[in-house]
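See structure below.
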């Protein structure tokens with residue numbers, strides 16, 4: 001399957017894991033040349049062992065010069081609270097969510 005709605009390019013498929021009947025069209029944000037000096041938010045969605053993945057990822061990000069802020073959802077069964085999403089959006093240059101089991 002080739003989806004051009006998100007990228008404007010062929011050959012790249014971006015899957016939207018939400019339960020929406022029809023995914024919203026989104027444009028990709030420009031990527032930074034380097035993560036050095038950027039603040040990366042690591043969001044633990046509170047599934048088992050997600051923190052293990054994020055711990056290793058944090059070590060790597062710090063080693064390459066990125067700042068790291070850690071966050072956690074109260075439960076994986078619901079979306080992150082609005083105040084948590086706002087804090088991440090206003091504090092971080094990028095965010096990575098941990099999905100694990």
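The values are calculated or read from the model by the stated rules, or taken from the named source; none is laboratory data. Owing to the predicted nature of the structure, the values given are computational and were not obtained by experimental measurement. Ideal geometry is used to build each Cβ from the backbone, glycine not excepted, and the neighbour counts take in all protein chains shown.
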Pair list, Cβ under 9 Å, 6 or more apart: segment 50-76 residue not assigned by TED's automatic domain parsing to the domain that holds residue 89, other residue crowded, with 16+ Cβ neighbours inside 10 Å and part of a loop (DSSP other than H, G, I, E, B): none
Subset tally (residues that are crowded, with 16+ Cβ neighbours inside 10 Å and out of contact with any strand residue (DSSP E or B) (no Cβ under 9 Å at 6 or more places or on another chain)) for segment 44-68: 0
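Quick check on this structure: which one of 12, 35 is at pLDDT below 95, in contact with a helix residue (DSSP H, G or I) (Cβ under 8 Å, 6 or more places away or on another chain), surrounded by 11 or more Cβ atoms within 10 Å (Cβ to Cβ) and in a loop (DSSP other than H, G, I, E, B)?
Going through 12, 35 in turn, the sole match is 35.
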Subset of segment 69-101 [surrounded by 11 or more Cβ atoms within 10 Å (Cβ to Cβ) and closer than 17 Å to residue 37 by Cα]: 69, 70, 88, 91, 92, 93, 94, 95, 96
